[in-house]
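Some notes on the structure that comes next.
The values are calculated or read from the model by the stated rules, or taken from the named source; none is laboratory data. None of the values given here were measured: they were computed from a predicted structure. A quick note on method: Cβ atoms are made from the backbone with ideal geometry, for glycine too, and the neighbour counts reach across all protein chains shown.
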Amino acid sequence: MTKKNLSTIAVRGGIENDGQYNAVVPPIYLSSTYAFEGFDQKGPYDYSRCGNPSRDILANTLAELEQGEHGIVTATGTAAIHLVCQLLKPDDLLVVPHDCYGGSYRLFVNLAERGAFKLKVINQTNPAELDEAFAAKPKVIWVETPSNPLLRITDVKNISARAKACGAYVAVDNTFLSPVFQQPLTLGADIVVHSTTKYINGHSDVVGGVVVTASKELGEELAWWANCIGITGSAFDSYLTLRGVRTLVPRMKQHQENSLLLVDVLNGHEAVDVVYHPSLPTHPGHDIAREQQLGFGAMLSFELKGGTDQVIKFIDALHHFSLAESLGGVESLVCHPATMTHAAMDEAAQLTAGIKQNLVRFSVGIEDGKELATDVKQALDSLLD
């Protein structure tokens, strides 16, 4: 699938489907309930938790972008993760990466403690740990690549091939790259998950999620669970998210262009110890990223040479970055993972994952790239005074 195809799918999703007034942009179907055609004669929709036209347009568009068969839109990104967990029974094993998003880690650990499933947390870039995990015959393998916040790269094709050999599902959190820069289903994964709050919507004004499956059967099973546990997304949120999707491709291009400018500023600066971004040839996952991704993305993190006091000084010196959690909006954000996005992890888990107190994460927006680069340089220079 070429970028031109993606642009067309993103822009044209749901266009001209209104049979009543021929509206070009699909209307919002806010009704919570739908009239039956007659006694015991249900139409295509009956109750909005079960099915909603606005939500279905978004789900179908995202499924097409990911080259999947079925999409299920959820109320939040965490709800999408929770939905995938419905595939697991108490004796089933879930394998997750040790450096996944803190909210995902919290959900997995607490569900496992309640007996929902068995859990194994590993470094998925470590061959020995992967071998041990596969030997335990998992039911679902959760992959996050690039990882949050250290942007470690996991070989989706390799894990998917091994998973199929032992009958396991592979679910990939593709939030950091969007389908513009990575399409895990084409690499053999069974499920793709997004927090649509991030790049898919792109404007930091809607919370949502989506699960896309490679097979229709698996999608129908998860859609049943989404309705059963009541986590489907609202019509209005679906409408707003679809509006964001229409500009996804040009936004992602600008996000990435700006991020590469910042990588150049950070890499080699006297105040910076290490930069984490897959575009760098020195990044451990650079070669795999080049093979399985269509771009390197706009998320980057780095460690300052000083401690927390230097982090605070650096953040305070920035003018064009908002100190906030989340990512993927048009505006640039700066985050301190240890006290923000990964605060749900205890200190030991953070250290195991490589999350240090001097680690800073950028979600690079689409402002003027040169102005962002100048801003970051002056903030770094201030640490040398």
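Data table
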{"item": "Residue that is in contact with a His (Cβ under 7 Å, 6 or more places away or on another chain) and farther than 24 Å from residue 150 by Cα, where the choices are 219, 209", "result": "219"}
{"item": "Residue satisfying all of: in segment 347-372; free of Cβ contacts under 8 Å to residues at least 12 places away in the same chain and either among the hydrophobic types (A, V, I, L, M, F, W, C) or crowded, with 16+ Cβ neighbours inside 10 Å (or both); farthest from residue 257 (Cα to Cα) among these", "result": "348"}
{"item": "Test: residue in segment 54-70 that is hydroxyl-bearing (Ser, Thr, Tyr), surrounded by fewer than 16 Cβ atoms within 10 Å (Cβ to Cβ) and modelled with pLDDT of 95 or more", "result": "no"}
{"item": "Filtered residues of segment 7-49 (kept if outside any helix (DSSP H, G or I), in contact (Cβ under 8 Å) with a residue 60 or more places away in the chain and more than 25 Å from residue 230 (Cα to Cα))", "result": "13"}
{"item": "Residue in segment 78-97 that is farthest from residue 210 (Cα to Cα), counting only those that are in a loop (DSSP other than H, G, I, E, B) and not acidic (Asp, Glu)", "result": "90"}
{"item": "Given (1) in contact (Cβ under 8 Å) with a residue 40 or more places away in the chain; (2) assigned to a helix (DSSP H, G or I); (3) within 26 Å of residue 217 (Cβ to Cβ), number of the condition residue 161 does not satisfy", "result": "(1)"}
{"item": "Which listed residue, of 202, 167, is assigned to a loop (DSSP other than H, G, I, E, B), modelled with pLDDT of 95 or more, under 14 Å from the mean Cα position of the chain (by Cα) and at positive phi", "result": "202"}
{"item": "Residue list for segment 125-148, filter: touching a Ser or Thr at 6+ places or on another chain (Cβ under 9 Å) and either surrounded by fewer than 19 Cβ atoms within 10 Å (Cβ to Cβ) or at pLDDT below 95 (or both)", "result": "125, 148"}
